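Only the coordinates and a few stated rules stand behind these numbers; no lab work does. Bear in mind the structure is a predicted one, so any value in this text is a computation, not a measurement. So basically every Cβ, Gly included, is an ideal-geometry build from the backbone, and we count neighbours across all protein chains shown.
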Amino acid sequence: MLAAYLMKKYRWTLYKSLEYLNSRKSNLEIRASFFNQLLKLESRLEKIGQGARTSKWNEISDDPKNIESEELLLTNTFLNSKRVVVEDKSEEPSPVTSIYFLYFKQCEVY
């Protein structure tokens, strides 16, 4: 049910929703019948003009209420769960750091 909620509220793709849920609970298993229902929901949302606006983690939907709080929090939670600490002596920022700056720049968080 939570995957359907994320797809509808934040206009995420099914894959992005499941990827987020899997980051929170690594042993997540979805039955084939429920997965098919989610695919149908994704298709139905697309047909009525409420389909996914974001499919990748370096994107944020353009809905101002989501950007201000909840979607940004979920996105950063996901990115932090995937963050790998690597000791790097180079001067170039890591891709993960660049993504964080992208979100803060887009949302004008100070």
Quick check on the exposure proxy: order Thr77, Thr13 from fewest to most C-beta atoms within 10 angstrom. Thr77, Thr13
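Want the number for Asn27 to Gln50: 0.36 nm per residue separation, take away the alpha-carbon distance, what's left?
Working: separation 23, 0.36 × 23 = 8.28 nm, distance 2.97 nm.
Computed gain between Asn27 and Gln50 is 5.3 nm.
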Please list, ordered by chain and number, the residues whose modelled amide H lies under 5 Å from the amide H of Thr54; skip anything fewer than 5 residues away on the same chain. Thr13
Residue by residue through region 13-25, what is 3J(HN,Hα) from phi via Karplus (6.51 cos²θ - 1.76 cosθ + 1.60, θ = phi - 60°)? Round to whole Hz and write x for glycine and proline. 6, 4, 4, 5, 4, 5, 5, 4, 4, 5, 5, 8, 9
